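None of the figures in this text is laboratory data; all of them are computed from the coordinates on show. Just so it is clear, the model here is predicted, and its values are computed rather than measured. As a convention, Cβ positions derive from the backbone with ideal geometry for all residues, glycine included, and neighbour counts pool all protein chains shown.
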Amino acid sequence: MTSLFAQEIHLSKRHEEIVLQRLTLLQQMENKFLDENKEKTSQIQAAETAFKRNLSLLKTLYWASVEEYIPKWEQFLLGRAPYPIGVENENEAENTTRNEAQ
């Protein structure tokens, strides 16, 4: 009977050790999960910031291009100048490329 009682105590202590080890592992998993979520959130925020920056740069470059061509087109639209040559060459190149593709 004493040996069964000793075995029961030993198994009870072993069970307690396993439960504590499981709790420790669960805590570590939770901490790792939280860290990964923070990292993903940080990466998403960085990507959103980069996207906004790139979009802003594109808009700036677009408007700089528009402002560059306004005087050429303005004179053409007012009938004071021929069709803007730089734009004509770009359109011819696009048409040539399309015709070659067909």
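Can you pull the one-decimal nm distance between simple spin-label points at residue 35 and residue 7, each 7 Å off the Cα toward Cβ?
4.3 nm
Starting from the Cα of residue 59, draw a straight line to each of the lysines and keep only those under 25 Å, dropping any in the same chain fewer than 8 residues away.
72
Let a ≥ b ≥ c be the square roots of the eigenvalues of the Cα gyration tensor of the range 1-68; is it rounded (a/c under 1.5), or, if not, prolate (a/b larger than b/c) or oblate?
Judged from the Cα gyration tensor, the range 1-68 comes out prolate (a/c at least 1.5, a/b above b/c).
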